[in-house]
Amino acid sequence: MLLGQEVTRWGQEGVERMSASLIRRGLELLNDDIKDVKKVQKKKKQQTPSSAKVMELVSTRRQGVTKQVKRLQGRLGPGKSKATVKDKRIKSAVEEFRKKQGKSHMSDNLKYFMETGYKATDSDTSKILSHNSGRQSRNRPEQPTKKAKESQSLFTEEEFQQFQKEYFGRTVEEKK
């Protein structure tokens, strides 16, 4: 025995006792581990219905036997529990969306802009509006047309009447 030779090699009685007690303790721990493995294997065997037990539950017809066996053992395999909805919390799509979205800053922004005393000039507002208007002609506002000034004649009305009398011999308007 290799361990026994090692113990006697030390040559001291105290060391022998200590080594023997250490060996015994190690064997006990190892024995406990072996027992635990056997217990786990027994539990697994108990959970999985053996094919013989399942075959007793299956009908005697030849068609569909494997399908019935699979159905009885479960879709995940023998001994494995199916997932249930018992403890699951149903998540609302609206709640998920609200969690992902950040806080709305609209009210803060409105408050800030309403408090400022700065008023934009007309030229600035017209520039902003022109930049934001679309490129298509239907999106462009009509330009205000300038009113044409009445053309003023160099001659007065009396001078025109005098010219008519001289040229035509009478005024044209009198004939009507």
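Considering only the stretch 37-55, I want to know if a residue exists there that is part of a loop (DSSP other than H, G, I, E, B), at pLDDT below 70 and not polar (S, T, N, Q).
yes
Of the conditions (1) surrounded by 10 or more Cβ atoms within 10 Å (Cβ to Cβ); (2) at pLDDT below 85; (3) hydroxyl-bearing (Ser, Thr, Tyr), TYR118 fails just one. Which one is it?
Only one criterion in (1) surrounded by 10 or more Cβ atoms within 10 Å (Cβ to Cβ); (2) at pLDDT below 85; (3) hydroxyl-bearing (Ser, Thr, Tyr) is unmet by TYR118, namely (1).
Which of the following residues is surrounded by fewer than 10 Cβ atoms within 10 Å (Cβ to Cβ), of a type outside the set (Lys, Arg) and at pLDDT 85 or above: SER81, SER59, SER107?
Result: SER107 is the single residue among SER81, SER59, SER107 that is surrounded by fewer than 10 Cβ atoms within 10 Å (Cβ to Cβ), of a type outside the set (Lys, Arg) and at pLDDT 85 or above.
The values are calculated or read from the model by the stated rules, or taken from the named source; none is laboratory data. Here the structure is a predicted model, which is why all the values come from computation and not from measurement. When we count neighbours, we look across all protein chains shown, and the Cβ atoms used for this are built from the backbone with ideal geometry, even at glycine.
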